[in-house]
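Okay, structure first, notes after.
The values are calculated or read from the model by the stated rules, or taken from the named source; none is laboratory data. Bear in mind that the values here come from a model prediction, so they are computed numbers and not experimental data. Methodologically, a virtual Cβ is constructed for each residue, glycine included, from the backbone with ideal geometry; neighbour enumeration extends over all protein chains shown. Surface areas here come from the heavy atoms of the whole protein model, side chains and all, with no ligands, DNA or RNA. Shrake-Rupley method; radii C 1.70, N 1.55, O 1.52, S 1.80 Å.
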Amino acid sequence: MPSKSEKTKTVKNNKKTRKELEIEIIEEINNSMKEEITQDIVHEIKKSIDREYKDEIKNEIRTEIIDDIKKDIQKEQKKLSRSKTFKIFRLYLYLLVVVACLLFILYRLYTTDNLTIINKKIIRPTNTTITVNANEKVTEEVKDLEYYTRNYGYLLENLKISNVELVRGNYNFEEISLTDRLTLAYGSLNDEDIILDGIIHSVSEDKMRETYQTLFGTLDGYNLESFVVRGLNYAYSSVTNSYMAVGNEDATVSYVNNIVIDIREEGETIVFDAKAYVIKNNYVYSANNLNSRLMSADEDMDLSKIQNRLTSVEYRFTKAENGYRLVSISKK
C-alpha cells in the first residue's frame, strides 16, 4: 500500500495537472477569440481601404476628364487665334486687289473718255390728302407708359446685363466690347438653347449668331471670341461648333435689374428711362455703388422708397428689318 506521503504527492500532481489544463484552455480560448477579433478588424480595414481607394479613383478620373476638356478648349482657342490672324491678312490682300482693280477700271474709263456723270431727275411723290367725314369720329389710342410697356417692354426685359460697367458710362453699339456683346446675346437666349451636361455648359454657335443679329440688328463685329457669364468662361469649340464652358455658375453674381420710369418714341427710336440696381447676397445695391447696401432683398421689398438713390440709365432701341436693335446704353 502507498504510504501517506506518496498519496499527498499524487494529489499535488493531480492539482498541478488540472491547473495546467485550465491555463491551456484559457489560452486556447484567448487565442481563438484574438484570431476572430483580428480577422474582423482586418476585414473592416480592407473594406474601408477599398471604399477610399474607389473614391480616390473616381475623383482622379473626374479630374482627368475635366483637365482634358479644358486642354481641348485651350487648343481650340489657340487655333482660333491663329486662324483669325490669317483671315485678317487675307482680307487685307483681297481689299488691295479690289482697290487695284477699281483704279485700273477708272483709269481705262478715263483714257477712253467714258467716265461721265449721268444726271437723273428726282421725282418727288406728291402729297396725298385724306378727307375725313365730319360726322365720323377718329379715335387714337393713347400712347402712355402702359401702351409702350405692353408693346415694347420686352426689349428691356430681354436685355440681361452682367457687366455693371455698361450702366456706369455712355456706350454706343460700336463702343461696347465684343465680349460684352456676346454676353448680352447669351442673356437673350431661351433656357432650352443652353445645354447642360453635368458641369459642361454648351450653346450652339448658330443660335448665338442668330441672337446676336436679332439684338444688335447686324453681324458687324461678330467673331468667335471667348466671353464670361456668371463666372463661367465660354470658349468656341470647332469640334462641336458651339461655345462651351466647364464648371458651375456663380449664383452670387446678379444681372442688372431695372425700374422703368418712362418709355417714349423719338422718330424710329424707342427710348427707355430706367433706374438700375443690382441684387447681391440678398441685398439691393445701386448699380453705381456696389459697396453700400440700400435695403434687404425679399418678396415684400418696396423699391419706390430708394428709387431716387438708384442709377439713372437710358436705353435706346432703333427700328431694324426684324424688330428693334440696341444702339446705346447711357448713364444720365
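Top mean-square fluctuation among ASN59, ASN258, ASN233, Gaussian network model of the chain, C-alpha springs under 10 Å?
Of ASN59, ASN258, ASN233, the most mobile in the Gaussian network model is ASN59.
Is any residue of region 260-288 close enough, with backbone N under 14 Å, to a label point placed 7 angstrom from the Cα of THR149 along the Cα-Cβ axis, and if so, which?
So the set is 260-264, 273-275.
Carbon and sulfur together cover what percent of the accessible area of region 53-93 at a 1.4 Å probe radius? Don't skip to the answer; put the middle values down first.
Numbers: 2130 of 3740 Å².
C and S fraction of accessible area: 57 percent.
Identify the GluC sites (Glu not before Pro) of region 241-289 meeting these criteria: DSSP loop state and at most 14 other C-beta atoms within 10 Å of the C-beta. Please report the intermediate quantities before stating the final value.
Numbers: sites: GLU249, GLU265, GLU266, GLU268; in loops: GLU249, GLU268.
Here the sparse-neighbourhood loop sites are GLU249, GLU268.
Measuring from label point to label point, each 7 Å out along Cα→Cβ, what is the ILE57 to ILE37 span in nm?
With each label point 7 Å from Cα toward Cβ, the separation is 3.4 nm.
Beyond 14 Å, what percent of the Cα pairs of region 48-111 remain? It would help to have the intermediate numbers written out before the result.
Working: 1540 of 2016 pairs.
Of all Cα-Cα pairs in region 48-111, 76 percent lie more than 14 Å apart.
Just to be sure I understand: with springs between alpha-carbon atoms less than 10 Å apart, which residue in LYS71, LYS207, LYS58 has the highest mean-square fluctuation in the Gaussian network model of the chain?
LYS58
Please give me the summed charge of the neighbours of ILE69: other residues whose Cβ is under 14 Å from its Cβ, Lys and Arg +1, Asp and Glu -1. The partial results should precede the final answer.
Details: positive: ARG62, LYS70, LYS71, LYS75; negative: GLU64, ASP67, ASP68, ASP72, GLU76, ASP197.
Here the charged neighbours net out to -2.
With all distinct Cα pairs included, what does the Kirkwood hydrodynamic radius of region 192-256 come out to in Å, to one decimal, could you say? Could the numbers behind the result be given before it?
Working: mean 1/r = 0.0787 Å⁻¹.
Kirkwood hydrodynamic radius for region 192-256: 12.7 Å.
Given the convex hull over the Cα atoms of the chain, what projected area results after averaging over all orientations, in nm²? All intermediate terms of the calculation are to be shown ahead of the outcome.
Values: hull surface 169.1 nm².
Over all viewing directions, the chain projects a mean Cα-hull area of 42.3 nm².
Roughly speaking, what is the stretch gain from LEU91 to VAL239, that is 0.36 nm per residue apart minus the C-alpha to C-alpha distance, in nm to one decimal?
On the way: separation 148, 0.36 × 148 = 53.28 nm, distance 2.48 nm.
Length difference between fully extended and current span is 50.8 nm.
What is the diffusion coefficient of region 237-332 in µm²/s, taking the Kirkwood radius over Cα pairs and the Stokes-Einstein relation at 10 °C with a viscosity of 1.306 mPa s? Kindly include the intermediate steps, with their values, before the conclusion.
Values: Rh = 15.9 Å.
D, rounded to a whole number, is 100 µm²/s.
Ignoring ligands, DNA and RNA, how do GLU321, GLU174 rank by accessible area with a 1.4 Å probe, largest first?
Values: GLU321 180, GLU174 140 Å².
Output order, biggest surface exposure first: GLU321, GLU174.
Given 0.36 nm per residue, what is the gain on full extension from VAL142 to LEU178 after removing their alpha carbon distance, in nm? Numbers along the way, then the final one.
Values: separation 36, 0.36 × 36 = 12.96 nm, distance 3.92 nm.
The VAL142-LEU178 span can extend by a further 9.0 nm.
Of all the accessible heavy-atom surface of region 140-274, with the other protein chains kept in place and a 1.4 Å probe, what percent is carbon and sulfur? It would help to have the intermediate numbers written out before the result.
Values: 2980 of 6790 Å².
C and S fraction of accessible area: 44 percent.
Would you grab the residues whose amide H sits under 5 Å from the one on LEU232? Only those 5+ places off in sequence or on another chain, please, with H modelled 1.01 Å from N.
ASP250
Which whole-number value in Å² is the accessible area per residue of the chain, probe 1.4 Å? Write down the numbers at each step before the final one.
Details: 24510 Å² over 332 residues.
Accessible surface, normalised per residue, equals 74 Å².
How far, in nm, would the chain grow between THR269 and GLN307 when pulled straight, counting 0.36 nm per residue and subtracting the alpha carbon separation? Could the numbers behind the result be given before it?
Working: separation 38, 0.36 × 38 = 13.68 nm, distance 2.56 nm.
Full extension of this stretch gives 11.1 nm more.
Under 22 Å between C-alpha atoms is the cut-off here; go through region 138-282 and count lysine pairs that meet it, provided they're at least eight residues apart or on different chains.
Details: LYS143/LYS275; LYS160/LYS207; LYS160/LYS275; LYS160/LYS280.
Here the count comes out as 4.
Take ILE259 and ARG18, extend 7 Å from each Cα along the Cα→Cβ direction, and tell me the distance between the two endpoints in nm.
Output for this residue pair reads 10.0 nm.
If you rank GLU314, GLU44 by how much accessible surface each has, with a 1.4 Å probe, what is the order from largest down?
Working: GLU314 25, GLU44 100 Å².
Ranking GLU314, GLU44 by accessible area, largest first, yields GLU44, GLU314.
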